[in-house]
1. Quick one: plug the Kirkwood hydrodynamic radius of the chain (C-alpha pairs) into Stokes-Einstein at 10 °C, 1.306 mPa s, and report D in µm²/s.
2. Looking only at V17, V27, V41, which one moves most when the chain is put into a Gaussian network model with springs between Cα atoms under 10 Å?
3. Mind checking the per residue accessible area of the chain for me, 1.4 Å probe, whole number of Å²?
4. Could you work out what % of the accessible surface of the chain is carbon and sulfur, using a 1.4 angstrom probe and leaving DNA, RNA and ligands out of the count?
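The values are calculated or read from the model by the stated rules, or taken from the named source; none is laboratory data. As the structure is a prediction and not an experimental result, all values here were calculated from the model. All accessible areas refer to the heavy atoms of the entire protein, side chains included, with ligands and DNA or RNA removed. Shrake-Rupley method; radii C 1.70, N 1.55, O 1.52, S 1.80 Å.
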Amino acid sequence: MIRIIAWVLLALYLLTVGLWPAALAPVTATFAGFGAILGAVPTSAWLLAAAITWHRHRPTRKPATV
């Protein structure tokens, strides 16, 4: 029984070590792409876009009730 558990654990370890970098590669490429986009656009443009978005979607004030 111990031998079977050891073989299963060895197989899982080898699968994890072998497949983890390949499975993580698309995620890393995605974050690198986000970083490139964020770095290519000036900060003032991001702030202006955020201000415009907030202005368009800001909550409306409810009229005061008496």
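1. 92
2. So, out of V17, V27, V41, the one fluctuating most is V17.
3. Ligands and nucleic acids excluded, the result is 98 Å² per residue.
4. The value for the chain is 76 percent carbon and sulfur by accessible area.
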